[in-house]
Every structure is written in C-alpha cells, then in structure tokens.
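The values are calculated or read from the model by the stated rules, or taken from the named source; none is laboratory data. Since this is a predicted model, take the numbers as computed values, not measurements. A quick note on method: Cβ atoms are made from the backbone with ideal geometry, for glycine too, and the neighbour counts reach across all protein chains shown. For accessibility, only protein heavy atoms count, side chains too; no ligands or nucleic acids. Shrake-Rupley method; radii C 1.70, N 1.55, O 1.52, S 1.80 Å.
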Amino acid sequence: MAAPPLARVLDGVRLHVVTGKGGTGKTTVAGALGLALARTGRRVLLVEVENRQGISQTFGVPPLGTDEVRLVQDPSGGELWGLSVDAKAALLEYLQTFYKLGRAGGALERMGVVDFATTIAPGVRDVLLTGKVYEAVGRTTGSKRGQGSLAWDAVVLDAPPTGRVARFLGVNEQVAGLARMGPIHSQAESITRMLRDRRSVVHVVTLLEEMPVQESADAVAELTAGGFGMGAVVVNQVREPLVPADLLGRLDEDGDEVEERVRADLAAVGVRSGARTVGGLLAEGRDHAARIALERDLAAEVEALGLATVRLPALASGTDDGGVAVLADELAAQGVA
C-alpha cells in the first residue's frame with residue numbers, strides 16, 4: 001500500500017505528538033517541526049513532559065518553567081513558544097480549577113499528598129500531563145473555553161519514548177472507566193476524544209538501526225490498535241554513502257585484483273602504500289558497504305509500515321549553529337506547510 005503524501009497527512013492537524021526510542025533525536029525533531037510550522041505564520045506551542053529541559057537545550061535558552069516562553073519570532077508573523085509541564089503544578093492547577101481548593105492546595109503539598117500523587121500513584125502523573133496538553137490545545141482567547149479564537153494554531157508534544165507512549169496516551173481511557181461520573185470522568189473522556197480526534201496525530205522518530213526500527217514498528221502497531229491517528233515516520237540522522245554504489249559493489253570482486261586497483265589509484269595521486277594500508281582501506285570499505293546494505297533493508301521495513309516517511313540528514317555539528325533551522329527547512333521541503 002502506497003504511503004499517503006505528508007501534506008495530506010498533516011492537513012487540519014492541530015496536535016502533533018512526537019515519539020521515538022531514546023537516542024533517536026525525538027526532541028530535536030519535535031523542535032524542528034514546531035519551528036517549521038511557526039515559519040508558516042502559525043502560533044505554535046512546543047510542550048515537553050519528561051522534565052529533561054530538552055527544549056531549552058535544543059534552542060539554547062534558559063530552563064523552562066511552568067509558563068509559556070517565546071522561543072522564536074518568525075518574520076512570517078509566526079511564533080514558537082515553549083513549555084515544560086510540571087506534574088505538581090498541573091495537579092495544583094487541576095485541584096483549583098475543579099475543586100476551588102485555594103490555600104488548601106498548598107497544605108496538601110506540605111503534607112506530601114502532591115508528591116505521592118505525582119510520583120507514586122500509578123497513572124496519575126500521565127493524567128495530569130495529558131490534561132495540561134488538552135488545556136493548551138483547547139485554550140481560547142475568551143474568558144471561557146470555546147469563546148474567542150484559539151490561543152495556539154498548533155501544539156507539538158515531545159512525548160515519552162515509544163516503549164510507553166501508548167500507555168501514556170491511553171491512560172485517560174482507563175481513568176474514565178474507573179471514575180464513572182463527576183469532573184474526573186468528564187475530563188478523562190474529553191482528553192481521550194481529543195487524542196483520538198482526526199486533528200491529532202502521532203509521529204514516530206527512528207534511526208536506520210535495527211532496534212529503533214523494530215520499536216517503531218511495534219509502537220505503530222500498538223498506537224493504531226489503540227485508535228490513535230498516525231502521522232509520519234521520521235527517519236533521522238540519515239547519512240549519505242561515502243563512496244559511489246558501483247565502487248562499493250566492486251569490493252566483492254577478486255581480492256588480488258581489487259588490491260592492485262587500490263594500490264594503483266593511490267600511486268596515481270602520489271601516495272605510497274603497503275599491504276597493511278591497502279588491506280585496511282578495503283576492510284573499511286567492505287564494512288561501509290555492509291552498513292549501507294543494512295540501512296537499505298531497514299529503510300524498506302520503514303516504508304512497509306505504510307505511513308508518510310520523512311528523511312532528515314545527519315548534522316555534523318548536531319543542533320549547534322542553527323541545526324534545528326536546517327532540519328526545519330528539510331521538513332518544509334518535504335511537505336510541512
């Protein structure tokens with residue numbers, strides 16, 4: 001089945017959930033996606049929920065707090081803002097919103113109730129974090145929800161890794177089943193509807209390595225079975241072959257003949273070489289050829305997932321010196337508009 005074009009996948013999407021195995025660069029990709037969207041004139045909120053301050057590191061700004069901070073003002077009029085969601089602050093805000101606890105919330109914190117709820121009680125932390133994202137997606141400029149224009153044109157969520165993203169996104173459905181009525185039940189159902197709405201999609205970031213590709217395939221299957229809309233698979237840190245494909249193919253030819261060709265080529269450019277030098281070059285070349293073949297097979301596995309695929313280049317200097325902007329350009333060129 002042919003993968004849909006990226007532009008069609010993203011049409012009308014307001015919540016972009018970005019996940020990936022640890023080490024694949026999901027935070028960098030989330031930042032680049034937020035920047036690409038802001039460059040189209042949108043007002044975009046980039047949210048992290050793992051308390052790692054990945055956004056501040058990516059954009060070179062001071063650590064984020066519980067308030068939104070503007071990261072980029074684009075000439076198009078678009079803006080990119082950042083937010084690091086804190087579970088404790090989210091719980092106190094929730095208690096004040098629904099139960100009007102006021103100073104009692106501070107008393108609960110001093111008694112250790114807040115710490116218990118946000119670090120020990122199973123699932124509560126994820127409920128609070130997704131609830132804050134829900135509030136951001138639905139926030140309007142009016143005094144009440146649903147009045148005025150939307151505060152954010154798009155929200156990009158740097159979500160937990162692939163190993164637990166389905167549980168993170170699905171926790172509110174479990175809560176709604178436990179709390180049969182009341183504000184907890186109502187909000188849990190509302191969050192679940194938002195996450196499964198067609199305007200919410202999950203993007204999976206991977207590398208062309210065996211474990212990340214396998215985890216990505218498992219996550220896509222689990223998220224799809226859970227009813228969550230899938231966006232794109234982002235293949236990050238793609239490296240171009242160091243030597244032409246025809247030359248790599250010749251490395252499997254007769255060893256003596258290839259060695260003579262390499263020695264002759266080195267001599268032609270004034271490099272004196274012995275058997276060790278030639279043998280080392282050939283060994284590196286064959287290792288590189290094996291790596292290219294493996295990446296080609298893994299790329300085919302990614303394509304077989306049937307999702308829109310984006311390929312982002314490996315950056316020699318990482319995200320320093322405008323690397324995130326380079327990746328945002330790549331995303332724009334491949335259909336983020």
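How many of the residues in the stretch 24-52 are open to solvent by 10 Å² or more (accessible area, probe 1.4 Å) and without any contact (Cβ under 8 Å) to a residue 60 or more places away in the chain?
Counting residues in the stretch 24-52 that are open to solvent by 10 Å² or more (accessible area, probe 1.4 Å) and without any contact (Cβ under 8 Å) to a residue 60 or more places away in the chain gives 3.
Quick one: is VAL262 open to solvent by 80 Å² or more (accessible area, probe 1.4 Å), farther than 29 Å from GLY12 by Cα and of a type outside the set (Asp, Glu)?
Answer is no for this residue.
List the pairs whose first member sits in the stretch 318-329 and is at pLDDT 95 or above, whose second member is open to solvent by 60 Å² or more (accessible area, probe 1.4 Å) and not hydrophobic (A, V, I, L, M, F, W, C), and whose Cβ atoms are under 8 Å apart, counting only residues at least 6 apart or on separate chains?
ALA328/ARG39
Considering only the stretch 284-311, how many residues are touching a residue at least 40 places away in the same chain (Cβ under 8 Å) and under 19 Å from PRO4 (Cβ atoms)?
Number of matching residues: 11.
Could you tell me whether any residue of the stretch 126-140 is open to solvent by less than 30 Å² (accessible area, probe 1.4 Å), among the hydrophobic types (A, V, I, L, M, F, W, C) and at pLDDT below 65?
no
Going through the stretch 257-279 one residue at a time, which ones are among the acidic types (Asp, Glu) and within 46 Å of the chain's Cα centre (by Cα)?
GLU259, ASP265
Regarding ARG52, is this residue charged (D, E, K, R), modelled with pLDDT under 95 and over 11 Å from the mean Cα position of the chain (by Cα)?
Spelling it out, ARG52 is indeed charged (D, E, K, R), modelled with pLDDT under 95 and over 11 Å from the mean Cα position of the chain (by Cα).
Are any residues in the stretch 48-90 among the small types (Gly, Ala, Ser) and touching a helix residue (DSSP H, G or I) at 6+ places or on another chain (Cβ under 6 Å), and if so, which ones? Don't jump to the end; show me each part of the working.
We begin by selecting, within the stretch 48-90, every residue among the small types (Gly, Ala, Ser); these are 54, 56, 60, 65, 76-78, 82, 84, 87, 89-90.
Answer for the stretch 48-90, where residues must be among the small types (Gly, Ala, Ser) and touching a helix residue (DSSP H, G or I) at 6+ places or on another chain (Cβ under 6 Å): GLY54, GLY78, GLY82, ALA87, ALA90.
Taking the options VAL336, VAL271, VAL278, name whichever one is part of a loop (DSSP other than H, G, I, E, B) and open to solvent by less than 30 Å² (accessible area, probe 1.4 Å).
Of VAL336, VAL271, VAL278, the one residue that is part of a loop (DSSP other than H, G, I, E, B) and open to solvent by less than 30 Å² (accessible area, probe 1.4 Å) is VAL336.
Would you be able to tell me the number of residues in the stretch 214-251 that are open to solvent by 10 Å² or more (accessible area, probe 1.4 Å) and assigned to a helix (DSSP H, G or I)?
Residues that pass the stated criteria total 15.
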